[in-house]
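Written out below as C-alpha cells is the structure these notes cover.
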Amino acid sequence: MRGRMARPRKFDSEQVLDDAMREFWARGYRDTSVEDLVAATGLAPGSLYNAFHGGKRELFVGSLERYSKLVVPQKMGALDQPGASLADVRAYFDGLVQDLLSEDGRIGCLMVNSTMELAAIDSEVGAIVRQHMARLERNVARALRTARELGEIPASIDPAARATLLMATGMGLMVVGKTNPGREVLQTIVDSAFADLG
C-alpha cells in the first residue's frame, strides 16, 4: 500500500504575508480574527494553519518582518541611504505629515501600532519593534552627523541625542495624527522639533 504524498502548496507564502500584513495594519493584532485572515488571504483555515503552524501569531510576526523589509524602506526614503543629511531627515517627517492627512495614512505605522498594542506584553514583538526603532534612530543620527560635518546644523547639536528625540517625536506625531488634527497641528510639531537645526 502506498503512502500518501504531501500535496504541494498552491499559494505564494509571501503574498499571504502581504495580505495578512495589510489586515493587521488596518485592524491591529487583537481585532484581526482568523476569519478576517482567511478572507484576506483566500486560504482555508486548515491551509493557513498548515503553512503557519503558529497560527495568527506566527502570521503577525511574519507580517511585522515583511513590513520592515518592504514598507519601512519606502517610508524612510533617502534617509535609509549613506550620504543622507538634514534635508532627508526633514523629508521623512514631512512625508509623515502628508501621510497622516489621508484616511489611509491615519491607519499609521504597523510598528508604532504594534508598540502601543503589544510590545510591553510580547517579548518577540517588542524585539522586532526595538530593531525598527534602532534602525530609524541610527539613520537619523548618521544623517545629522553628516549635516553637522557639512555645516548644515550647529556644531553644538549632539546627533545621537537629537536622533532619539526626533524618533520619539515621530512616534508621537503618528499617534496624534490618528485623531486627524489637521495639517497645522502636525506641521507645528515637526517645525518645533527642527526649530534649532538650521
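The values are calculated or read from the model by the stated rules, or taken from the named source; none is laboratory data. No experiment lies behind these values; they were computed from the predicted model shown. Ideal geometry is used to build each Cβ from the backbone, glycine not excepted, and the neighbour counts take in all protein chains shown. Surface areas here come from the heavy atoms of the whole protein model, side chains and all, with no ligands, DNA or RNA. Shrake-Rupley method; radii C 1.70, N 1.55, O 1.52, S 1.80 Å.
Brief remarks on what is shown
- Using a Förster distance of 22 Å, the FRET efficiency for residue 47-residue 22 (Cβ separation, nearest 0.05): 0.75
- Value at 222 nm in deg cm²/dmol, rounded to 500, when DSSP H runs of n ≥ 4 in the chain each add -39,500 (n - 2.57): -21500 deg cm²/dmol
- Cα-based radius of gyration of segment 23-91 once divided by 2.2 N^0.38 Å, which approximates compact folds: 1.49
- For segment 131-176, the Kirkwood hydrodynamic radius from C-alpha pairs, put into Stokes-Einstein at 20 °C and a viscosity of 1.002 mPa s, yields a diffusion coefficient of 198 µm² per second.
- Of the accessible area of segment 43-182, computed with a 1.4 Å probe over protein heavy atoms only, carbon and sulfur atoms account for 55 percent.
- P(r) histogram, all alpha-carbon pairs of the chain included - 10 Å bins from 0, percent: 8, 31, 30, 18, 8, 3, 1, 0
- For a modelled paramagnetic label at residue 149, 7 Å from Cα along Cα-to-Cβ, the residues of segment 59-87 in reach, with backbone nitrogen under 20 Å, are 78-87.
- Of the residues 107, 121, 153, the one that moves most in a GNM of the chain with alpha-carbon contacts below 10 Å is 121.
- Under the Debye formula (equal points on every Cα, no solvent term), log10 I(q)/I(0) of segment 153-198 at q = 0.14, 0.19, 0.20 Å⁻¹: -0.37, -0.62, -0.67
- Subtracting the Cα-Cα distance of residue 11 and residue 31 from their residue separation scaled by 0.36 nm leaves 4.7 nm.
- For segment 55-114, the alpha carbon convex hull comes to 80 Å³ per residue, rounded to a whole number.
- For segment 14-35 versus segment 84-109, the gap between their alpha-carbon centres in whole angstrom: 23 Å
- At full extension, residue 58 and residue 71 could sit 2.8 nm farther apart than now, given 0.36 nm per residue minus the alpha carbon distance.
- Under the Karplus curve 6.51 cos²θ - 1.76 cosθ + 1.60, θ = phi - 60°, whole-Hz ³J(HN,Hα) for segment 47-60, x wherever Gly or Pro sits: 5, 4, 6, 5, 7, 10, 4, x, x, 4, 5, 4, 5, 5
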